[in-house]
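These notes are about the structure you will find just below.
The values are calculated or read from the model by the stated rules, or taken from the named source; none is laboratory data. What you see is a predicted model; the values in this text were computed from it and never measured. So basically every Cβ, Gly included, is an ideal-geometry build from the backbone, and we count neighbours across all protein chains shown. Calculation scope for accessible area: heavy atoms of the full protein, side chains included, ligands and nucleic acids excluded. Shrake-Rupley method; radii C 1.70, N 1.55, O 1.52, S 1.80 Å.
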Amino acid sequence: MLFAKDEDMENMRRRAFFRSFGRDISIRSRVSGLFLMVAGSLMVVAFALIYVQVERDVYNHIDEELNEEAGEFVRGLQVTENGILFKDQAEWMERSHVAVDFYPKFVQVVAAGRVPEIARRSFNLFSDTLRYDPSLDNVAFYNSDISGASVRQVQVPVFHKESAGTAAWVVVAVPLEESLFVLSDLRTVLFFSLSVILIILFFVTRVIAGKSLAPLEKVIDTAEKITQENLDERIGLPANKDEIYRLSSTINSLLDRLQAVYTREKQFTADASHELKTPLASILGTLEVLVRKPREPGHYKARIGFCIDELKRMSGLIDQLLLLARYDSDTFRPDINVFDAKGTLAVVLGRVDEQIREKELDVRVRDEGSAMVRADASMLEIMLDNIVVNAVKYSSEGGSVSIVFGNSSDRVVCSVTDAGPGIAAEKIDRVFERFYRVDESRNSQTSGTGLGLAIVKKLADIQGIAVHLSNREEGGTTVILDIPAA
Ligand code: ADP
């Protein structure tokens with residue numbers, strides 16, 4: 001006996017089996033099965049119609065013959081007060097009414113009365129009688145039998161001339177065996193041909209469905225083989241621009257996108273490790289040389305100072321990597337508020353004040369309207385920080401930096417312009433890429449990681465800010481931020 005829990009489990013298993021059963025059937029079998037069901041039902045209907053029509057034709061033909069024959073006998077009768085007179089004796093003597101070997105037709109005349117009585121029967125009936133129904137008062141055709149042999153018969157009433165009451169019935173019958181045999185033969189032929197056609201159709205549709213789905217198997221095979229190692233492999237496109245062509249090209253473009261992301265991620269990891277390993281190696285080398293033998297205190301100070309600078313750079317790089325990782329996550333949402341971007345700029349300028357003074361830069365902030373923006377304040381600060389630091393970093397001594405706030409109806413435009421070396425035209429599009437540094441030899445004099453502008457772009461995208469970088473004709477670079485206004 002099953003306990004309630006066992007029973008539940010059993011039911012669940014059974015349901016899962018039936019669900020999976022339906023789902024596991026291949027498209028090929030489903031298409032051929034469905035086609036077979038539809039074609040089978042249509043054929044059953046068509047074959048049934050054929051059978052019904054043939055059967056009706058057979059009975060119509062027999063009934064016409066019976067009607068004609070009965071008519072002749074009715075015309076050969078005369079109903080008198082004394083009874084029924086048979087005027088046409090010759091009719092009764094015809095071979096078909098006497099013998100049973102040549103298209104026999106059995107005839108019987110029944111006189112109506114309180115007790116109906118057989119008035120006359122054809123010779124070929126011998127001692128048999130034809131069944132009749134005394135309650136009928138119009139022509140009726142029906143199947144019956146003579147001593148167990150099937151016959152089709154007609155019963156025609158003959159009326160009194162004066163009273164219009166039934167005086168007699170003429171009953172004519174013909175053997176039905178042959179016609180029934182033909183009909184049963186037809187049924188067998190139709191049934192077998194239906195079964196054979198359905199079986200052939202099942203296999204033919206399976207083959208056709210299999211052939212049409214074969215390219216799909218190729219798609220599955222190729223897709224199954226694609227891994228990280230061979231992400232550049234693509235599914236071959238069929239000649240016809242059909243659904244399989246669309247499926248293959250959709251999978252191919254998905255693979256293109258995946259490969260681009262994967263390559264970018266790989267490149268990013270390689271660049272990040274390289275950027276971290278280089279300062280580590282130089283710190284290690286410096287310290288190893290330093291401990292080999294005792295040195296002057298000044299030498300120690302200089303070398304340790306160098307190591308501290310390298311460690312600061314590494315720490316800055318790690319901060320930037322963490323920042324990117326944080327903002328890269330899909331779940332991250334900016335904290336959008338309304339605030340004055342000029343205040344943010346003031347904080348940023350305060351932070352680079354020392355460098356500005358060291359380089360004796362002429363930094364001017366021009367204000368051409370409200371700078372109330374709708375953005376994430378800490379993100380905008382990071383963005384302005386990177387842009388202003390770059391402008392200061394790449395400006396030559398005594399150069400100038402101009403920062404202008406302007407606004408249109410729904411945007412605040414902030415531009416940061418320096419008079420530095422600018423960026424080579426063919427490289428300008430790549431400065432937003434991670435770890436991209438325009439000129440390593442020039443950059444080697446200025447510290448940097450190549451992540452600053454990548455962070456600016458990332459944060460801009462998150463907040464719906466447009467960022468644009470261009471060279472000025474008179475030299476120098478302009479970075480424009482187009483920020484949603486409050
Ligand atoms: P980095 O840390 O090297 O400054 P960024 O991502 O901020 O990295 O900038 C990428 C590259 O773009 C820099 O290496 C630099 O060559 C170039 N660049 C950025 N800003 C300026 C600028 N104001 N003037 C000249 N070159 C710039």
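Considering only region 378-386, I want to know if a residue exists there that is within 8 Å of the ligand (Cβ to nearest atom), without any contact (Cβ under 8 Å) to a residue 60 or more places away in the chain and closer than 26 Å to THR278 by Cα.
Start the filter on region 378-386 by keeping residues that are within 8 Å of the ligand (Cβ to nearest atom), which leaves 386.
Subset that is without any contact (Cβ under 8 Å) to a residue 60 or more places away in the chain: none.
No: zero hits.
When the residues of region 67-82 are narrowed to those that are under 16 Å from ALA111 (Cβ atoms) and not hydrophobic (A, V, I, L, M, F, W, C), which ends up least open to solvent (accessible area, probe 1.4 Å)?
The extreme case among them is GLY76.
Do you know which residues across region 105-151 are in a loop (DSSP other than H, G, I, E, B), more than 19 Å from GLN89 (Cβ to Cβ) and open to solvent by less than 30 Å² (accessible area, probe 1.4 Å)? Give the derivation first.
Looking only at region 105-151, we keep the residues that are in a loop (DSSP other than H, G, I, E, B), and these are 105, 112-116, 122, 126-139, 147-148.
Those still in the list that are more than 19 Å from GLN89 (Cβ to Cβ) too: 112-116, 126-139, 147-148.
Matches in region 105-151: LEU130 only.
For (1) in contact (Cβ under 8 Å) with a residue 24 or more places away in the chain; (2) in contact with a helix residue (DSSP H, G or I) (Cβ under 6 Å, 6 or more places away or on another chain); (3) outside the structural domain of GLN320 (by TED's automatic domain parsing); (4) within 30 Å of THR449 (Cα to Cα), each residue gets a yes or a no:
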| site | (1), (2), (3), (4) |
| --- | --- |
| PRO215 | yes, yes, yes, no |
| ASN230 | no, no, yes, no |
| LEU247 | yes, no, no, no |
| ILE283 | yes, yes, no, yes |
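Scan SER315, SER329, SER396 and give me the residue that is within 16 Å of the ligand (Cβ to nearest atom) and free of Cβ contacts under 8 Å to residues at least 12 places away in the same chain.
Numbers: SER329 fails: within 16 Å of the ligand (Cβ to nearest atom); SER396 fails: free of Cβ contacts under 8 Å to residues at least 12 places away in the same chain.
Only one candidate qualifies: SER315.
With more than 13 Å from the ligand (Cβ to nearest atom) and either in the same structural domain as SER315 (by TED's automatic domain parsing) or at positive phi (or both) as the only criterion, which of GLY464, GLY406, GLY450 stands out?
Values: GLY406 fails: either in the same structural domain as SER315 (by TED's automatic domain parsing) or at positive phi (or both); GLY450 fails: more than 13 Å from the ligand (Cβ to nearest atom).
Just one listed residue meets the conditions, GLY464.
Restricting attention to region 363-377, and to residues there that are surrounded by 13 or more Cβ atoms within 10 Å (Cβ to Cβ) and over 15 Å from ALA485 (Cα atoms), which single residue is farthest from the ligand (Cβ to nearest atom)?
Among those residues, the one meeting the criterion is VAL365.
Say whether the condition of being more than 8 Å from the ligand (Cβ to nearest atom) and of a type in the set (Ser, Thr, Tyr) is met by at least one residue in region 469-479.
Pass one, region 469-479, residues more than 8 Å from the ligand (Cβ to nearest atom): 470-475, 478.
Now restrict to residues that are of a type in the set (Ser, Thr, Tyr): 470, 478.
Yes, because at least one residue in region 469-479 is more than 8 Å from the ligand (Cβ to nearest atom) and of a type in the set (Ser, Thr, Tyr).
What tally of residues in region 455-477 results from selecting those that are over 20 Å from TYR394 (Cβ atoms) and without any contact (Cβ under 8 Å) to a residue 12 or more places away in the chain?
Residues meeting the conditions: 1.
Just wondering, is there one or more residues in region 423-432 that are within 7 Å of the ligand (Cβ to nearest atom) and either in the same structural domain as ARG366 (by TED's automatic domain parsing) or open to solvent by 50 Å² or more (accessible area, probe 1.4 Å) (or both)?
Applying the first criterion (within 7 Å of the ligand (Cβ to nearest atom)) to region 423-432 yields 423, 431.
So of that shortlist, the ones also either in the same structural domain as ARG366 (by TED's automatic domain parsing) or open to solvent by 50 Å² or more (accessible area, probe 1.4 Å) (or both) come out as 423, 431.
Within region 423-432 (the criterion being within 7 Å of the ligand (Cβ to nearest atom) and either in the same structural domain as ARG366 (by TED's automatic domain parsing) or open to solvent by 50 Å² or more (accessible area, probe 1.4 Å) (or both)), the answer is yes, since at least one residue qualifies.
Just one of (1) part of a helix (DSSP H, G or I); (2) touching a Phe, Trp or Tyr at 6+ places or on another chain (Cβ under 9 Å); (3) at pLDDT below 95 trips up LYS5, so point out which.
(2)
Run down VAL189, VAL182, VAL196 and say which single residue is β-branched (Val, Ile, Thr), in contact with a helix residue (DSSP H, G or I) (Cβ under 9 Å, 6 or more places away or on another chain) and either closer than 21 Å to VAL44 by Cα or not in a loop (DSSP other than H, G, I, E, B) (or both). Give the steps one after another, and end with the answer.
On the way: VAL189 fails: in contact with a helix residue (DSSP H, G or I) (Cβ under 9 Å, 6 or more places away or on another chain); VAL196 fails: in contact with a helix residue (DSSP H, G or I) (Cβ under 9 Å, 6 or more places away or on another chain).
Unique residue meeting the criteria: VAL182.
I'm told VAL401 meets every condition in (1) within 49 Å of the chain's Cα centre (by Cα); (2) modelled with pLDDT of 95 or more; (3) within 24 Å of GLN355 (Cα to Cα) except one. Can you identify the failing condition by its number?
(1)
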